[in-house]
């Protein structure tokens, strides 16, 4: 039943870029347009509680099961804060704490990222939305994915980068079974095998496994560094279908028929 107008709670207005849930605790977190994360501790729309704010862009929040014993079982957020990888302990909703803030060479607008090995939680992939456009990308104007060793949450280490064969801007990526599904604007969906990360964390053995080009108009130039094409993707349906959005053409429903990741995790 929809709430009657009088029952609707009053909460601060935010322009949210994305919404995500912390695993297990189901803490809803809204990541707004720029750098102010709005955290709520209730899924009941009649009793929304706003415990705190902290600066962030998109983030991935997990119940931590990685190798850093100090944070086992805690709620950890990996934040992408325009100029750095910032890791938070948000276990105490009233007092979220910054564990580390790590800049990197080539940064222009740190946008989003994902754990490369969600079970081990030892490496992380990061995408920067403006490095190709501004000419700071280590992969020149080819889509560049930055790699971090996060075995120690207080001391992440940059280990290398992956350069896509296509020229385009990266936006969002999500990892499943050793493959990262990247939405890279004009070059569309790029599926990259990152399962070699334990063996070669510099990214030199990353390999593109497949792609779906949703903006072929720039193919004669091997892509273009501009804001058209795909914005996000979702690869987690049990059916195996992948949803890919396109700014100009709507939503595509796809199925990956390429090889699985080379290495088992």
Can you pull out every residue in segment 68-81 that is in contact (Cβ under 8 Å) with a residue 12 or more places away in the chain and either more than 18 Å from residue 125 (Cβ to Cβ) or part of a strand (DSSP E or B) (or both)?
68, 70, 71, 74, 75, 76, 77, 78, 79, 80
Sole miss for residue 105 among (1) part of a strand (DSSP E or B); (2) out of contact with any strand residue (DSSP E or B) (no Cβ under 6 Å at 6 or more places or on another chain) is condition (1)
Candidates 151, 133, filtered to the one that is surrounded by fewer than 18 Cβ atoms within 10 Å (Cβ to Cβ) and under 17 Å from residue 183 (Cβ atoms)
133
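Any residue that is assigned to a loop (DSSP other than H, G, I, E, B), within 27 Å of residue 195 (Cα to Cα) and at pLDDT 95 or above - is there at least one of those in segment 48-63? Reasoning before the result, please.
From segment 48-63, those assigned to a loop (DSSP other than H, G, I, E, B) are 48-51, 55-58; that's our starting set.
Filter once more, keeping what is within 27 Å of residue 195 (Cα to Cα): 57-58.
Checking the rest, the ones that are also at pLDDT 95 or above come to none.
No; the residues of segment 48-63 include none that is assigned to a loop (DSSP other than H, G, I, E, B), within 27 Å of residue 195 (Cα to Cα) and at pLDDT 95 or above.
Could you look through segment 82-92, keep only residues that are surrounded by 22 or more Cβ atoms within 10 Å (Cβ to Cβ) and in contact (Cβ under 8 Å) with a residue 40 or more places away in the chain, and pick out the one that is nearest to residue 103 (Cα to Cα)? Full working, then the answer.
Filtering segment 82-92 for residues surrounded by 22 or more Cβ atoms within 10 Å (Cβ to Cβ) gives 85-88, 90.
Imposing the further condition that a residue be in contact (Cβ under 8 Å) with a residue 40 or more places away in the chain reduces the set to 85, 87, 90.
On the way: 85: 6, 87: 12, 90: 21 Å.
The residue in question is 85.
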Just one of 150, 87, 99, 169 is touching a strand residue (DSSP E or B) at 6+ places or on another chain (Cβ under 9 Å), at pLDDT 95 or above, in the same structural domain as residue 244 (by TED's automatic domain parsing) and over 18 Å from residue 204 (Cβ atoms); which is it?
150
Give me a count of the residues in segment 130-178 that are within 14 Å of the chain's Cα centre (by Cα) and over 26 Å from residue 246 (Cα atoms).
2
Residue list for segment 69-78, restricted to those being surrounded by 19 or more Cβ atoms within 10 Å (Cβ to Cβ) and at pLDDT 95 or above:
71, 75, 76, 78
Within segment 110-122, is there a residue that is touching a helix residue (DSSP H, G or I) at 6+ places or on another chain (Cβ under 7 Å), modelled with pLDDT under 95 and surrounded by fewer than 22 Cβ atoms within 10 Å (Cβ to Cβ)?
no
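The values are calculated or read from the model by the stated rules, or taken from the named source; none is laboratory data. What you are looking at is a predicted structure, and each value in this text was computed from that prediction instead of being measured. So basically every Cβ, Gly included, is an ideal-geometry build from the backbone, and we count neighbours across all protein chains shown.
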